[in-house]
Amino acid sequence: MPPDRGPPTQDGQPPEVRDDERADGFRGHPLYDVGEDPDARFTLANERTFLAWIRTSLALVAAGLAVEQLLEFGSHADRLIVALPLMGLGAAAALSSYHHWEQTERAIRLGQALPYSRLPRVLAYGIGLVTIAAAVLVTIDALH
């Protein structure tokens with residue numbers, strides 16, 4: 001059970017967390033010494049966003065695998081044209097989400113503006129292009 005820190009400070013903020021009260025899992029992380037401890041709600045919101053990106057990446061990888069295994073195109077290459085970009089987008093989302101989480105956490109701790117992420121644009125254009133490619137392949141397959 002966390003120690004009772006008492007009532008909020010005069011400005012309504014919770015009292016500061018002392019170094020000896022920190023969870024051991026956070027010790028040694030590069031963000032430990034950066035800025036000041038933010039309101040926990042901001043850190044938790046940042047973590048929820050990170051987890052949403054991870055869920056998105058898992059969904060994209062699963063969609064790519066499902067396309068490869070389940071779609072009935074004329075050739076194996078046609079399935080790969082749709083499946084591989086989906087899995088690549090999933091990998092890109094997974095690999096960049098931690099970096100974005102860390103940049104955002106650093107900005108929150110330093111009281112700076114939140115960093116810009118290109119990932120939503122990459123995913124939107126990538127999924128749009130994969131959808132167009134799939135529609136073209138389905139149409140060609142139906143015409144044969």
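Couple of notes before you dig in:
- Residue match in segment 119-129 (condition: touching a Pro at 6+ places or on another chain (Cβ under 6 Å) and either farther than 30 Å from residue 11 by Cα or modelled with pLDDT of 90 or more (or both)): no
- Filter result for residue 54 (surrounded by 18 or more Cβ atoms within 10 Å (Cβ to Cβ) and in contact with a Ser or Thr (Cβ under 8 Å, 6 or more places away or on another chain)): no
- One residue from 74, 64, 25, 90 being under 30 Å from residue 140 (Cβ atoms), at pLDDT below 85 and of a type in the set (Gly, Ala, Ser): 74
- Test: residue 81 is among the β-branched types (Val, Ile, Thr), in contact (Cβ under 8 Å) with a residue 12 or more places away in the chain and over 25 Å from residue 144 (Cα atoms): no
- Count - residues of segment 104-144 that are surrounded by 15 or more Cβ atoms within 10 Å (Cβ to Cβ) and under 30 Å from residue 35 (Cβ atoms): 9
- Close Cβ contacts (under 8 Å, 6 or more residues apart or on different chains) running from residues in segment 115-144 that are under 30 Å from residue 97 (Cα atoms) to residues that are hydroxyl-bearing (Ser, Thr, Tyr) and in a helix (DSSP H, G or I) comprise 115/104; 117/96; 119/96; 119/97; 123/56.
- Criterion (part of a loop (DSSP other than H, G, I, E, B) and either among the acidic types (Asp, Glu) or more than 16 Å from residue 52 (Cα to Cα) (or both)) met by exactly one of 112, 103: 112
- Taken as a whole, the condition of being of a type in the set (Lys, Arg) and either more than 20 Å from residue 137 (Cβ to Cβ) or loosely packed, with under 14 Cβ neighbours inside 10 Å (or both) does not apply to residue 79.
The values are calculated or read from the model by the stated rules, or taken from the named source; none is laboratory data. These figures come from a predicted structure and were not determined experimentally. Counting neighbours? That spans all protein chains shown, and the Cβs are built from the backbone with ideal geometry, glycine included.
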